[in-house]
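Peer 1: Take a look at this one; I'll ask things after.
Read the figures in this text as sums done on the coordinates, not as results from a lab. Every value quoted in this text rests on a predicted model; they were computed, and no experiment measured them. Backbone-built Cβ (ideal geometry, glycine too); neighbour counts: all protein chains shown.
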Amino acid sequence: MKRTLLAGLASVVMALGAITIVVPGNAAAPSSPAGSSPVSGQIMVKFRDNGAAPAVLGQHDLREGPAIGSTGAHLITVPAGQERQLIEALSRNPAVEYAEPDELVTATSNDEFFPRQYALQNVGQEFMNTAGTKTVAGGAKDADVDAVEAWTVTTGAGKRVAIIDSGVAINHPDISSKVVERANFSDKTIVGDEDYDKYGHGTHVAGIVAATRDNAMGVAGVCPDCAILDAKVLNDSGSGSSSGIAKGIDWAASHGAKVINMSLGQRVSSRTLEAAVNNAWNAGVVIVAAAGNAGTQAQVYPGAYPNVIAVAATDNRDVKASFSTYGKWVDVAAPGVSVYSTFPTYPSTLGVQNGRSVGYDIESGTSMASPIVAATAALVWSTAAGTSNTAVRAKVESTAKAVNGTGTYWKYGRVDACKAVGCTKP
């Protein structure tokens with residue numbers, strides 16, 4: 001059905017890699033696929049019988065490593081530069097179900113700035129373009145997801161949305177209080193609260209989901225009463241690994257997430273990552289991910305896995321963003337151009353790179369569209385339709401508006417939060 005990660009955000013996350021071929025037990029593994037970017041010094045291995053692991057690994061002077069969530073795979077430390085050689089050797093052993101690289105992953109009301117949030121309600125409102133200049137959203141009729149109308153039915157009261165990203169700033173007055181649990185699966189050692197999200201991407205994504213509404217400051221989230229589970233998998237430069245994401249997914253599912261959002265990805269498929277996705281889906285979680293920003297039909301993972309809702313980006317005129325990845329493997333679209341949201345209250349890597357203000361500013365990419373869909377799914381969980389992840393996904397997709405490009409650029413259309421929760425538009 002679907003297959004592949006994020007390629008360049010218009011000023012946010014960049015995808016890596018190409019499709020990999022996974023080789024069963026006693027076949028030789030292929031050479032590295034074009035564009036593959038494995039993490040140095042570690043690989044992911046799943047044994048058919050874990051009891052055989054010590055002996056098999058010992059043949060190569062390797063030791064057992066920690067489990068990667070509930071995927072059944074283990075993270076094995078190997079000498080830098082020998083990753084591919086050891087993957088090939090282990091793949092030939094019948095006791096090994098698979099061995100694969102650990103791929104590098106990168107980041108895919110009365111509120112003061114609410115008038116700039118065209119994605120929530122945009123007719124006649126200000127629109128901040130990518131140059132940071134205000135324009136009027138004239139001609140942007142009904143290009144928003146009608147979140148304000150959806151709030152007449154539900155605001156998501158306590159539904160847990162996991163943000164698997166670069167972390168959420170601990171001291172932001174508009175979003176930090178929504179974080180109910182945190183876990184760090186990145187290679188970044190956290191020293192002090194202030195630099196928890198030094199990259200800035202996760203804080204921006206979290207604000208799109210659940211920034212506090214009607215607090216006379218900042219912005220409002222699409223699901224303003226949702227709670228956030230903060231799974232930090234990306235470091236200060238916006239990079240992470242397949243194994244880190246898999247562990248983040250597993251942690252989120254075991255800590256009550258109703259929805260998981262992943263505004264990140266890779267072009268190389270991973271059996272370990274897909275296992276984590278499938279385990280979360282089987283546990284009843286709705287999983288949403290960015291489709292990528294390459295402007296092509298190239299598939300991106302985890303967005304391209306069948307149990308993930310892949311999200312493309314539209315602009316304030318309800319047309320596909322020029323940078324957005326597209327194709328029939330993509331499920332829905334949502335606003336992703338110049339989306340206004342929270343940034344850390346201190347300079348962040350992403351903010352500095354793109355000339356953004358601290359506290360609040362715009363960002364563009366399918367990374368911004370994905371959390372709008374995730375938040376919409378969380379709203380649906382709070383309605384009578386929220387009986388299962390299958391039902392919630394079906395409601396989000398079936399109520400999407402068939403804007404131009406539906407059936408070609410994406411399968412179902414641009415999401416409509418109001419219709420998804422069953423509200424009546426004025």
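Peer 1: Would you calculate the volume per residue, in Å³, of the smallest convex hull containing every Cα atom of the stretch 176-230?
Peer 2: 87 Å³
Peer 1: Another question, if that's okay. Ranked by Cβ crowding within 10 angstrom, fewest neighbours first, how are Tyr196, Tyr301 ordered?
Peer 2: By the 10 Å Cβ count, ascending: Tyr196, Tyr301.
Peer 1: Next question, about the same structure. Quick one: Cys226, Cys423, Cys418, fewest Cβ neighbours within 10 Å first, how do they rank?
Peer 2: Cys423, Cys418, Cys226
Peer 1: So what's the gap between the Cα centers of the stretch 361-426 and the stretch 171-206, to the nearest angstrom?
Peer 2: What the calculation gives is 26 Å, centre to centre.
Peer 1: Here's something else I'd like to know. Based on the alpha-carbon gyration tensor of the stretch 38-103, what equivalent-ellipsoid semi-axes (square roots of 5 times the eigenvalues) come out, in whole Å, largest first?
Peer 2: Gyration-tensor ellipsoid for the stretch 38-103: 16, 13, 11 Å.
Peer 1: If we count every other residue with Cβ under 14 angstrom of Gly65's Cβ, Lys/Arg +1 and Asp/Glu -1, where does the sum land?
Peer 2: My count for the surroundings of Gly65 gives -2.
Peer 1: Separation of the stretch 249-283 and the stretch 290-335 by C-alpha centroid, Å?
Peer 2: Between the Cα centres of the stretch 249-283 and the stretch 290-335 lies a distance of 18 Å.
Peer 1: Ranking request for peptides 229-237, 200-208, 57-65: highest mean number of other beta-carbon atoms within 10 Å first, then the rest in descending order.
Peer 2: Working: 229-237: 25.4, 200-208: 32.2, 57-65: 14.9.
So the order, starting with the most tightly packed, is 200-208, 229-237, 57-65.
Peer 1: A 22 angstrom limit on the alpha carbon distance is what I want to check against. Which of Lys159/Lys320; Lys178/Lys411; Lys178/Lys425; Lys188/Lys247 exceed it? Could the numbers behind the result be given before it?
Peer 2: Details: Lys159/Lys320 30 Å; Lys178/Lys411 33 Å; Lys178/Lys425 28 Å; Lys188/Lys247 15 Å.
The answer is Lys159/Lys320; Lys178/Lys411; Lys178/Lys425.
Peer 1: With no solvent and one equal point scatterer placed on each C-alpha of the stretch 114-421, evaluate the Debye formula and give log10 I(q)/I(0) for q = 0.09, 0.11 Å⁻¹, two decimals.
Peer 2: -0.35, -0.54
Peer 1: I've got another one for you. log₁₀ I(q)/I(0) of the stretch 164-274 at q = 0.20 Å⁻¹, via Debye over equal Cα point scatterers, no solvent, to two decimals?
Peer 2: One equal scatterer on each Cα of the stretch 164-274 leads to -1.03.
Peer 1: Within 10 Å, count the other beta carbons around each residue, average over each peptide in 92-102, 286-296, 145-155, 245-255, and list them highest first.
Peer 2: Going from most to least packed, we get 286-296, 245-255, 145-155, 92-102.
Peer 1: How much of the pair distance distribution for the stretch 258-384 lies past 22 Å, counting alpha-carbon pairs only, in percent? Please report the intermediate quantities before stating the final value.
Peer 2: Working: 3098 of 8001 pairs.
Taking all Cα-Cα pairs of the stretch 258-384, the fraction more than 22 Å apart is 39 percent.
Peer 1: Among Thr272, Thr349, which comes first, then next, by fewest other beta-carbon atoms within 10 Å?
Peer 2: Fewest to most other Cβ atoms nearby, the residues stand as Thr349, Thr272.
Peer 1: Looking at the stretch 310-419, which trypsin sites (Lys or Arg not before Pro) are in a loop (DSSP not H, G, I, E or B) and have at most 13 other Cβ atoms within 10 Å?
Peer 2: Those that pass, being in a loop and sparsely packed, are Lys328.
Peer 1: Which percent, nearest 5, of DSSP beta bridges in the stretch 114-421 are antiparallel?
Peer 2: Bridges in the stretch 114-421 that DSSP calls antiparallel: roughly 25 percent.
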